[in-house]
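The values are calculated or read from the model by the stated rules, or taken from the named source; none is laboratory data. Since the model is a prediction, treat every value here as computed from it, not as a measurement. Virtual Cβ from ideal backbone geometry, glycine too; neighbours counted across all protein chains shown. Heads up: the accessible areas ignore ligands, DNA and RNA and are worked out on the full protein's heavy atoms, side chains in. Shrake-Rupley method; radii C 1.70, N 1.55, O 1.52, S 1.80 Å.
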Amino acid sequence: MSAGGAIGPAGWLRIILRALAMIAALALAVPAFYVFKPFTRRNPVPRRFLAALGRISGMTVRRTGPAPQPGSFLIANHVSWLDIPALAGATGSAFVAHDGLAAFAPLRWLCDKNDTVFIARHDRTSVTRQIEQVRAALAETGALTVFPEGTTSDGTGLLPFKSALLSALETDADHVPVQPVWLDYGREVADIAWVGVEPGLDNALRVLARRRPVTLILHFLPPLDSAARASRKTMAKAAQDAILAAMDRPA
């Protein structure tokens with residue numbers, strides 16, 4: 001079903017069945033999280049739960065390229081809410097997210113369980129505090145992903161990469177691998193991308209109503225070298241250039 005198309009009876013049935021499956025997955029994940037919590041530094045349940053949400057949504061994830069090392073900082077393009085369960089399921093990554101998500105208490109609670117770092121994107125006075133949050137998260141999580149476009153794109157190109165949060169890696173972070181990732185939805189990208197003025201709920205329903213599976217390829221590109229990490233701006237440009245180059249290569 002293409003963007004803007006009406007959802008038919010079969011689509012609504014798929015939405016209902018998938019929503020019920022997600023509720024069941026959450027009902028299993030919450031007690032499991034607290035069972036594991038006293039015994040693990042990095043709780044495995046959020047990663048498994050998010051991966052399950054992706055599968056329930058009809059998503060199949062494939063991977064190419066060098067797997068991220070533990071404690072990596074991943075710089076990825078952003079196309080859909082499906083990016084989150086895909087990357088979390090594949091790498092155990094936590095995420096840097098806009099603080100607007102924190103306004104909805106149940107969503108904030110779920111994000112907190114995956115060690116999400118909330119940032120005030122338009123509050124320039126809090127950049128120093130946000131950098132410290134990023135550094136703390138890198139020390140505590142299996143990986144941390146930032147979407148430097150700042151919003152979702154249509155997946156056929158990239159929006160300008162914002163470099164502010166990469167300041168956390170300018171000093172005392174040479175040990176942290178910085179790795180670009182291209183999230184590639186292939187020919188289905190126009191049906192998956194969440195762009196323009198489409199409400200988030202409409203996009204979610206549209207994706208959950210699909211009969212065809214969603215195939216996402218995570219292209220893990222080579223980590224940035226020391227020259228590309230000279231400053232936050234060079235990191236942002238190098239990561240953007242690497243993803244653009246991968247997008248331009250023949251399939």
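Things worth noting here:
- For the chain, the 222 nm mean residue ellipticity estimated from helices alone, with every DSSP H stretch of n ≥ 4 adding -39500 (n - 2.57) and the total spread over all residues, rounds to -13000 deg cm²/dmol.
- Sequence-distant contacts, meaning Cα pairs under 8 Å at least 6 residues apart, place the relative contact order of the chain at 28 percent.
- Ordering T215, L201, V30 by Cα displacement along the dipole of the chain toward the positive end leaves V30 in first place; charges were set at the Cβ atoms of Lys, Arg (+1) and Asp, Glu (-1).
- Where trypsin sites (Lys or Arg not before Pro) in DSSP loops with at most 12 other Cβ within 10 Å are excluded, longest remaining stretch of the chain: 42-210
- Interchain or long-range residues, amide H under 5 Å from V178's placed H: F73, L224
- Annotation: H175 carries an accessible surface of approximately 150 Å², with a 1.4 Å probe and no ligand, DNA or RNA atoms counted.
- Cα gyration tensor shape for region 1-99, rounded if a/c is under 1.5, else prolate or oblate: oblate
- Per-bin percent of Cα-Cα distances, region 131-251 [10 Å]: 11, 38, 31, 17, 2
- Cβ charges +1 (Lys, Arg) and -1 (Asp, Glu), total dipole of the chain, debye: 660 debye
- V176 contributes an accessible area of around 10 Å² to the protein surface, as traced by a 1.4 Å probe with all chains present.
- Rounded accessible area per residue of the chain, 1.4 Å, Å²: 51 Å²
- Protein accessible area in the chain, 1.4 Å probe - carbon and sulfur %: 62 percent
- Among T156, T60, T91, the order of accessible area from largest down is T156, T60, T91, computed with a 1.4 Å probe on protein heavy atoms.
- Placing a label point 7 Å from the Cα of S226 along the Cα-to-Cβ direction, the residues of region 137-169 whose backbone N falls under 18 Å from that point are 169.
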